[in-house]
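Below you'll find the structure, written out as structure tokens, and then a few comments.
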Amino acid sequence: MPLLSNIAELLKDTMLPPLCAVCGSLCETYICKSCYLQIRPPGSNICIRCGSFLKHNLPGNNSPYAEYCNLCKNEEYSFYMARSFANYDSAVACIIRKFKYRKFYYLKDIILSFLKEAYEYYYSGQKIDFIETVPAYSGIIKGNIKSHMQMLMPKLSICLKIPYGDNIIKIKNTLRQQELGRQSRRINLENSFKIRHSLKAARKNILLVDDVFTTGSTLNQISRQLKNAGAHKIYILTVARGN
């Protein structure tokens, strides 16, 4: 059972040093040096809006769109910019999947360290008023169900010294985005999120945090709601950038 497996993982430190969450070797921080070195950052050749890798941004390209990916040339994103700690592969993908789907919550400190490192690299010079994340759908059990990212926010708030707004709620149950194409993702998310208090978001710069940026549909839908509530700039920060 997942719960028993998770408990076993939590208890093993009382008898043994931590095991690397990726390869299973003994280490000190749940990720060994060898697996950490597999992590690939997005690099510098990225879209200035969404942070995706730019295949077309070659030396000598003087196009005014040279610093935007093909999607951002046509897409009307509501967020100001998006950045990620690493590409969604190898060690990072393994850690995210175990934390998100297998509920190995003892990995939270690794994920927090990834987010903190990316924030300090990309956003430390920005004025940000609140952090927010993608909430879980609670249905009639208001406030009792939290997403894996909501569980991280209070501690991330302390790490980044930015208040956690907790100002977003999910009001519609939706299908898993991973199972849908781009257009279907948009339809699936329509009218799914709501801002609790518009005045709290008005004229504020907000850091919207999630685990993976793939098409950006979910994060853009929430960004749109925040902009409708009067938010100034929405910055996206994710652990990983999908392909």
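Before moving on, here are some points about what is shown:
- Footprinting exposure proxy for 96, 48 (fewest neighbouring C-beta atoms within 10 Å first): 48, 96
- Cα convex hull of region 84-155, projected area averaged across orientations, nm²: 5.8 nm²
- Backbone amide hydrogens, once placed in the peptide plane, bring residue 193 within less than 5 Å of 171, excluding anything fewer than 5 places away on its chain.
- For region 35-40, 3J(HN,Hα) computed residue by residue from phi via the Karplus equation (6.51, -1.76, 1.60; θ = phi - 60°) reads 6, 5, 6, 6, 5, 10 Hz, glycine and proline entered as x.
- Counting only lysines at least 8 places from residue 227 when in the same chain, those with an alpha carbon closer than 21 Å to its own are 73, 127, 170, 172, 194, 200, 204.
- Fewest-first sequence of 214, 238 by Cβ atoms within 10 Å of each Cβ: 214, 238
- 199, 107, 71 arranged by Cβ crowding within 10 Å, fewest neighbours leading: 199, 71, 107
Every number here is computed from the coordinates shown, using simple stated rules; none is lab data. Keep in mind that what you see is a predicted model, and the values were worked out from it rather than measured. Cβ sites come from the backbone with ideal geometry, for glycine too, and all protein chains shown count toward neighbours.
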